[in-house]
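K.L.:
Encoded as structure tokens, here's the structure I'll be asking about.
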Amino acid sequence: MAGRISDRDPNVRKTYGYRRAEILSALLNASVLIVICLFLLSEGWKRLMHPESVKGGLMIWIALIGFAANFLSILLLKKEEGKSLNIRAAYLHLLGDTLSSVAVIAGGILILFFRIYWIDPVLTLFISLYILKETYEVLRQTVDILMQGTPKDLDLNHVQHVLEQVEGIANIHHVHAWNLSDREIHFECHVDLAEDIRISESEKILNQVTEILREQFGISHVTLQFEYNCCDDKQLLHSRKEET
């Protein structure tokens with residue numbers, strides 16, 4: 001559903017379109033999964049401190065049904081897992097359910113044949129901690145995108161250095177780079193020209209810079225503001241404190 005929404009065209013109210021629908025969905029999925037993991041950790045700890053007698057045979061049969069359904073779903077999502085954070089979050093949700101089923105099956109066998117009642121809560125704790133760790137990374141990435149953080153593999157100082165080697169450019173400043181989605185990077189900056197040239201002459205520089213950003217840095221959308229010695233602040237990042 002989120003994938004279909006994200007493919008909608010932009011409009012005058014949503015000029016970026018609905019690209020972040022998948023990010024919001026990933027945030028929701030990850031948040032719910034973290035709450036579930038914390039609940040399971042709490043319950044697992046309680047049961048470890050106060051073991052309860054359970055029917056191992058019934059546990060195994062119920063878990064086998066859940067395992068079969070979840071495992072088939074994981075196989076369907078496995079190839080798509082790396083394509084978006086939303087799919088990754090959904091995959092982790094299913095992985096958590098599948099591992100839980102495996103734990104219940106293993107626990108059921110040990111309980112049925114060896115009466116080891118503490119194994120079920122121990123497995124629950126380990127699996128919950130693993131899923132919690134993996135889900136935290138998805139949550140961190142989604143929050144970073146929503147906060148318009150610089151993509152983690154993009155070194156803005158290096159980008160500035162490369163662009164300032166282009167003939168006709170004196171300085172690159174007021175740089176902004178962010179992920180619109182987990183697959184789409186936007187970039188904007190001020191380009192201080194070395195000479196006071198005509199707009200038509202700046203197109204060559206525009207094309208060079210755009211090609212460099214797309215080919216070398218994987219940037220999808222480029223917005224440049226050309227100027228000639230009109231900004232007092234030539235720093236890479238613009239500080240809002242100077243506006244007050």
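The values are calculated or read from the model by the stated rules, or taken from the named source; none is laboratory data. If you're wondering where the values come from, they're calculated on a predicted model, not measured in any experiment. Cβ sites come from the backbone with ideal geometry, for glycine too, and all protein chains shown count toward neighbours.
K.L.:
Name the residue, out of Asn86, Asn29, that is at pLDDT below 90, in contact with a His (Cβ under 9 Å, 6 or more places away or on another chain) and on the phi < 0 side of the Ramachandran plot.
P.N.:
The conditions single out Asn29.
K.L.:
Working only within the range 100-118, note down all residues that are out of contact with any Phe, Trp or Tyr (no Cβ under 7 Å at 6 or more places or on another chain), surrounded by fewer than 20 Cβ atoms within 10 Å (Cβ to Cβ) and either among the charged types (D, E, K, R) or in contact (Cβ under 8 Å) with a residue 12 or more places away in the chain (or both).
P.N.:
Ala106, Ile109, Leu110, Leu112, Phe113, Arg115, Tyr117, Trp118
K.L.:
Right, next: Return only the number of the condition from (1) of a type in the set (Gly, Ala, Ser); (2) assigned to a loop (DSSP other than H, G, I, E, B); (3) in contact with a Ser or Thr (Cβ under 9 Å, 6 or more places away or on another chain) that Gly149 does not satisfy.
P.N.:
Going through the list (1) of a type in the set (Gly, Ala, Ser); (2) assigned to a loop (DSSP other than H, G, I, E, B); (3) in contact with a Ser or Thr (Cβ under 9 Å, 6 or more places away or on another chain), Gly149 breaks only (3).
K.L.:
Return the residues of the range 49-70 that are of a type outside the set (Val, Ile, Thr) and buried (at least 16 other Cβ atoms within 10 Å of the Cβ); say none if nothing qualifies.
P.N.:
Those that are of a type outside the set (Val, Ile, Thr) and buried (at least 16 other Cβ atoms within 10 Å of the Cβ): Gly56, Met59, Ala63, Gly66, Phe67, Asn70.
K.L.:
Do we find that Val191 is without any contact (Cβ under 8 Å) to a residue 40 or more places away in the chain and surrounded by 14 or more Cβ atoms within 10 Å (Cβ to Cβ) in this structure?
P.N.:
Against the criterion (without any contact (Cβ under 8 Å) to a residue 40 or more places away in the chain and surrounded by 14 or more Cβ atoms within 10 Å (Cβ to Cβ)), Val191 qualifies.
K.L.:
Hey, any hits in the range 189-207 for a residue that's within 30 Å of Leu27 (Cβ to Cβ) and at pLDDT 95 or above?
P.N.:
Yes, that holds for at least one residue.
K.L.:
Taking only the range 192-209 into account, find how many residues are closer than 10 Å to Gly168 by Cα and not acidic (Asp, Glu).
P.N.:
The total comes to 6.
K.L.:
On the basis of being without any contact (Cβ under 8 Å) to a residue 40 or more places away in the chain, in the same structural domain as Ala30 (by TED's automatic domain parsing) and hydroxyl-bearing (Ser, Thr, Tyr), does Ser84 make the cut?
P.N.:
no
K.L.:
Mind checking which residues of the range 3-46 are farther than 18 Å from Tyr91 by Cα, under 18 Å from the mean Cα position of the chain (by Cα) and among the β-branched types (Val, Ile, Thr)?
P.N.:
Listed by number, the list holds a single entry, Ile5.
K.L.:
Go through the range 9-26 and count every residue that is in a loop (DSSP other than H, G, I, E, B) and either touching a residue at least 12 places away in the same chain (Cβ under 8 Å) or charged (D, E, K, R) (or both).
P.N.:
Selection size over the range 9-26: 7.
K.L.:
Quick one: count up the residues across the range 152-184 that are within 17 Å of Leu237 (Cβ to Cβ), surrounded by fewer than 18 Cβ atoms within 10 Å (Cβ to Cβ) and among the polar types (S, T, N, Q).
P.N.:
The number of residues fulfilling the criteria is 2.
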